[in-house]
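Structure, as structure tokens:
The values are calculated or read from the model by the stated rules, or taken from the named source; none is laboratory data. The shown structure was predicted, so the numbers you read here are calculated from the model rather than taken from an experiment. Ideal geometry is used to build each Cβ from the backbone, glycine not excepted, and the neighbour counts take in all protein chains shown.
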Amino acid sequence: MAGQVAWYFVAGLVATYTFLRALLRLTQHEKEPQTLATLLPFVSPLLGLGTQKTKFFVKLRDAHGLPIYTLRMPGSRTYVITSLSLVPALQRQIRILSFHPIELRAAERVMGLTRTGCEILGANMNHDDSYLGSFVKALHPALSPGPGLDEINETSVQLLAASLGRRKTAAGVDMFQWIRHEMFMATTNAIYARASFQARESLIPDLMEYFQKAYHEHGSPLVKCRFAYNTRHGLGPEDMARTEIGQISATVTNTVLAAFWFIWHIFSDPAVLEDCRSEVERLVGRDEHTGIRTLDLSRIRTSCPVLLSTWHEMLRYRHIGIQARAVMEDHLFDGRYLLKKGATVMCVIPALHSDTSVWGPDAAEFNHRRFVREDGAGAKRANAFRGFGGGSTLCPGRHFATNEALSFAALLMTRFDVRPVAGVWKEPRVDMPLTVSLPLPIEPVEVKIVPKAEQEWKVLFSASAK
Ligand code: HEM
């Protein structure tokens, strides 16, 4: 009896396998990019992605060396781009390979937008003057270099400096929790001019009240821009609050993770620390009469090339992000590959960031000076760096995030020592959700923050234009 059951089981498996293989063959056009992970058709990619997340895409690139391939999963087909050579073609087709349906899905599922809100966001979404088509443009006065950006930058660095200045004695902290708290408070206060936003559900009534009582009028140019834009498009108070949550998450999540890994790379390697600290210390002034030390954080970006390079290298080396696009109609991509309507295209940033033909044989190593090299490879590398995406969806928050992280690191290096409690730096285990750009530490990094000798400081931000 047991033997018969086993026989039926094996026969069932063989029949299922044969059926799935036939289904794959019959539904895959020969001009589509080659299918991979077909050991168990439809199931292998699901298992691979579930267990290895972004690493799975890179592993398949390493094993097969294809610039683009297809993953077939139940009910979906995904085309995975792993080569820089195909990025220009992706960036050119902004309407056929569109970001907007992905944004709309996130607004619906993650932010929980109402039906009316979804209709407003989804209306004519591929037109330049639609809500999604012109949203980022509306943020430029607040996030592109100029007075709006200077205002947010200045507030956030002053808040960081004030908070760090209150640390007068050595204390142990979990480095990630601590950085998250500092950055969250500085960022949300710089944007909203109010500090009580914490968890998601309580945030919705808080934000509704915030807009209804017109507190945004005292907030940053960024929140004013968003309010004006949402009002113009007829978004109601609840949807306005819900889209704002999406913005807080886009602003804070990646910035916090990036700041964590930036501080990690600086402090966990004495050579990096020495290079970066000596650069920042050159910017510190001292009043001969009062002894007060001054640091103008608006000069960090232009005067500290190694620190800036360390930031870019961290984003290159640690990035796990994916740029997803929806295929709006059947399309012969780059004149060669058939992409089918309804599928998703994914451009895998860690695959581009680990390409030895661009980054050289040491692509797998962290080299904090990589972006200061002047060996003629600069332009090629600048093109290949996708830390903030690229093309029409290039991250509008990159200037703000860069300034905030550089300033935080500079304040820490000049005023504190950061020492691992265990005596040695141990890299934390991480999770790699597909929705974020950098790995999430899932175990504590216990450090001691030790203030240097008692000194009085004046931190300035004399504006980026100067
Ligand atoms: C280090 C921190 C950050 C990283 C690594 C990062 C990364 C990215 C990347 C890779 C994209 C491109 C997404 C795509 O093409 O699919 C993007 C887009 C975007 N980012 Fe950031 N970002 C950061 C900080 C910020 C901040 C501070 C803000 C807001 C103030 C922001 C707002 C946005 C928005 C609104 C988009 C969508 C652009 C569009 O729809 O065209 N990001 N970001």
Residue pairs within 6 Å by beta carbon, gap of at least six or interchain, first lying in segment 161-176 and closer than 26 Å to Asp296 by Cα, second of a type in the set (Lys, Arg) and at pLDDT 90 or above, listed first then second, are Ala170/Lys448
Please enumerate the residues belonging to segment 63-91 that are out of contact with any strand residue (DSSP E or B) (no Cβ under 8 Å at 6 or more places or on another chain), without any contact (Cβ under 8 Å) to a residue 60 or more places away in the chain and either within 14 Å of the ligand (Cβ to nearest atom) or more than 21 Å from His353 (Cβ to Cβ) (or both). Met73, Pro74, Gly75
Only one of His218, His233 is in contact (Cβ under 8 Å) with a residue 12 or more places away in the chain, loosely packed, with under 14 Cβ neighbours inside 10 Å and either farther than 25 Å from Leu394 by Cα or in contact with a helix residue (DSSP H, G or I) (Cβ under 7 Å, 6 or more places away or on another chain) (or both); which? His218
Can you tell me which residue is farthest from Leu40 (Cα to Cα) among those in segment 57-89 that are surrounded by fewer than 22 Cβ atoms within 10 Å (Cβ to Cβ) and under 22 Å from the mean Cα position of the chain (by Cα)? Pro88
Does Met208 satisfy the condition of being away from the ligand (no atom under 16 Å from the Cβ), touching a helix residue (DSSP H, G or I) at 6+ places or on another chain (Cβ under 6 Å) and free of Cβ contacts under 8 Å to residues at least 40 places away in the same chain? yes
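Determine, yes or no, whether Ile300 is buried (at least 19 other Cβ atoms within 10 Å of the Cβ) and either within 24 Å of Glu446 (Cβ to Cβ) or touching a residue at least 12 places away in the same chain (Cβ under 8 Å) (or both). Even if it seems obvious, please write down each step before you answer.
Numbers: buried (at least 19 other Cβ atoms within 10 Å of the Cβ): yes; either within 24 Å of Glu446 (Cβ to Cβ) or touching a residue at least 12 places away in the same chain (Cβ under 8 Å) (or both): yes.
Yes.
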Can you tell me which of Lys452, Lys426 is basic (Lys, Arg) and out of contact with any Lys or Arg (no Cβ under 7 Å at 6 or more places or on another chain)? Lys426
Check off (1) in contact (Cβ under 8 Å) with a residue 60 or more places away in the chain; (2) more than 8 Å from the ligand (Cβ to nearest atom); (3) of a type outside the set (Lys, Arg) for Ser392 and give me the number that stays unchecked. (2)
Could you tell me whether Arg277 is charged (D, E, K, R) and farther than 30 Å from His216 by Cα? yes
Selection within segment 278-297 - surrounded by fewer than 20 Cβ atoms within 10 Å (Cβ to Cβ) and among the aliphatic types (A, V, I, L, M): Leu283, Val284, Ile292
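In segment 119-132, which residue that is in a helix (DSSP H, G or I) and crowded, with 17+ Cβ neighbours inside 10 Å is farthest from the ligand (Cβ to nearest atom)? Spell out how you get there, then give the answer.
Within segment 119-132, the subset in a helix (DSSP H, G or I) is 119-122, 131-132.
Then keep just the ones that are crowded, with 17+ Cβ neighbours inside 10 Å; that gives 120-122, 131-132.
Values: Ile120: 16, Leu121: 12, Gly122: 15, Tyr131: 11, Leu132: 8 Å.
Step by step, filter segment 119-132, then rank; the result is Ile120.
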Of everything in segment 268-282, what is in contact (Cβ under 8 Å) with a residue 40 or more places away in the chain and in contact with a helix residue (DSSP H, G or I) (Cβ under 6 Å, 6 or more places away or on another chain)? Give them in sequence order. Val272, Leu273, Asp275, Cys276, Arg277, Val280
Which condition does Arg398 not pass, out of (1) more than 13 Å from the ligand (Cβ to nearest atom); (2) within 23 Å of Leu438 (Cβ to Cβ); (3) charged (D, E, K, R), if it passes all the others? (1)
Flag if Leu113 is surrounded by 21 or more Cβ atoms within 10 Å (Cβ to Cβ) and farther than 30 Å from Val430 by Cβ: yes
Does Leu139 fit the bill of being more than 17 Å from Leu460 (Cβ to Cβ), within 12 Å of the ligand (Cβ to nearest atom) and under 19 Å from the mean Cα position of the chain (by Cα)? yes
Anything in segment 7-38 that is surrounded by fewer than 16 Cβ atoms within 10 Å (Cβ to Cβ) and either closer than 21 Å to Ile81 by Cα or in contact with a Leu (Cβ under 6 Å, 6 or more places away or on another chain) (or both)? List them, or say none. Leu24, Thr27, His29, Glu30, Lys31, Gln34
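Table: residues versus (1) within 15 Å of the ligand (Cβ to nearest atom); (2) modelled with pLDDT of 95 or more; (3) among the charged types (D, E, K, R); (4) under 13 Å from the mean Cα position of the chain (by Cα).
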residue: Ala384; (1), (2), (3), (4): yes, no, no, no
residue: Gly387; (1), (2), (3), (4): yes, yes, no, yes
residue: Glu404; (1), (2), (3), (4): yes, yes, yes, no
residue: Val421; (1), (2), (3), (4): no, yes, no, no
Within the set of pairs 6 or more residues apart or between chains, which connect a residue that is on the phi > 0 side of the Ramachandran plot inside segment 92-120 to a residue that is buried (at least 20 other Cβ atoms within 10 Å of the Cβ) with Cβ atoms less than 7 Å apart? Gly112/Arg242
